[in-house]
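Structure record follows, encoded as structure tokens.
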Amino acid sequence: MIIFEADRARKKIDGINILHDISLCISRGEKVAITGHNGSGKSSLLKLIGGFYENTSGQVKRIMSKTGYVPEHFPENIRFKMQEYLLLMGKMNGKSESELIKRIQIYAEIFAITDFLNTPLKNCSKGTKQKAGIIQALLIDPDILLLDEPLTGLDEATQVELLNELASYKTGLTIVFTAHETLLIDGLADRVITVANGRIIADEKKEIKEKYRCIKAIVPNQTIALEIPSIHIHYLEEHTVEITVLCDHSDEVLTKLLESGCSIVELIEKR
């Protein structure tokens, strides 16, 4: 099902054309990366897709009732605690408080930020704020999720965590994002649109590459797991851990676990 279609659409601001002859279709469930140099028109195209920009000429058709949008920079100095902010944003979109509280708890678990729900947003890291931004967008049950440079300024560990959470969130959700990081493009996108000087110069389908692995292991003690170079460690039980590592490092990690007397239970490929 096509949810966005443009035919020779243009956008002009203050007499200057910022988008030229945009023709494309986006279908439900696609994961689309928009790439290009700074100033190429990536963010402008994202805003045209989401309806934040209306076309000056040409044809644009949107078949989506709700759009979730996460800007590149989370607003500074918000005085609310994270849960207060998420409740406010959800209520502004007609959701009940009881429903929101349940869903916020679920998303907080998915995005691993439960411990920060009662923390003032101004005291949270950029990565945590970015996750809060994504959650507020998901709370409205969007047909499409638009992300403007979602990995900018995040360390590698947080980038991989966020990538995994987005990739595994749910099927059927259309995600369109601007990016220049190969990690996000390779790990999430099934289609890559390249923009230059406000024009689409390439539009290609692609295979999503597996970027990291999840190792489930039984460890003699938790200290061993803490010494392993990993992206994320999750304790399932006292002696059972799930360790997320980059694919390039997985052989090294497996060797260290075995040398430390650990038992490997399961090895899972992840995007």
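Tell me, what HN-Hα J-couplings in whole Hz come from the Karplus equation 6.51 cos²θ - 1.76 cosθ + 1.60 at θ = phi - 60° for each residue of segment 28-40, using x for Gly and Pro?
Per residue, the Karplus-derived 3J(HN,Hα) values read 4, x, 6, 10, 10, 9, 10, 10, x, 5, 4, x, 7 Hz.
Please list, in chain and number order, the residues 5+ apart from Ala196 or on another chain whose amide H is under 5 Å from its amide H, with Hs placed from the backbone.
Ile201
For the chain, what does the helix formula give at 222 nm: sum of -39500 (n - 2.57) over DSSP H segments with n ≥ 4, over the residue count, nearest 500 deg cm²/dmol?
That calculation yields -9500 deg cm²/dmol at 222 nm.
So for segment 82-154, if I pair up every lysine 8 or more residues apart or on another chain, how many of those pairs have alpha-carbons under 24 Å apart?
10
Straight distance only, please: which aspartates and glutamates reach the Cα of Lys61 with their own Cα at less than 15 Å, same-chain residues fewer than 8 apart left out?
Hits, sequence-local ones excluded: Glu5, Asp7, Asp21, Asp143.
Order the peptides 79-88, 31-40, 117-126 from the highest to the lowest mean number of other Cβ atoms within 10 Å of their residues.
31-40, 79-88, 117-126
Once you have the Kirkwood Rh of segment 30-149 from its Cα pairs, apply Stokes-Einstein at 20 °C and 1.002 mPa s and quote D in µm²/s.
Answer, rounded: 137 µm²/s.
Can you give the log10 of the normalised intensity I(q)/I(0) at q = 0.17 Å⁻¹, computed with Debye over equal Cα scatterers of the chain?
Debye curve over Cα of the chain, log10 I(q)/I(0) at q = 0.17 Å⁻¹: -1.33.
Arranged by the count of other C-beta atoms within 10 angstrom, fewest first, what order do Glu227, Glu165, Glu30 take?
Result, fewest neighbours first: Glu227, Glu165, Glu30.
Which log10 I(q)/I(0) values does segment 212-270 give at q = 0.20 Å⁻¹ under the Debye formula, counting every alpha carbon as one identical point scatterer?
Listed by q, the Debye log ratios stand at -0.60.
Using only C-alpha positions, report the orientation-averaged shadow area of the convex hull of segment 37-79, nm², one decimal.
So the mean shadow area of the Cα hull is 4.8 nm².
Of the peptides 65-75, 41-51, 7-17, how do they stack up when ordered by the mean number of other Cβ atoms within 10 Å, highest first?
41-51, 65-75, 7-17
Output the relative contact order of segment 212-270, whole-number percent, from Cα pairs under 8 angstrom with separation of 6+ residues.
50
Bear in mind these aren't lab numbers, they're just calculated from the coordinates by the rules spelled out. Just so we're clear, the structure is a prediction, and the values are computed from it rather than from any experiment. Don't worry about glycine lacking a Cβ; one is built from the backbone with ideal geometry, like all the others, and counts go over all protein chains shown.
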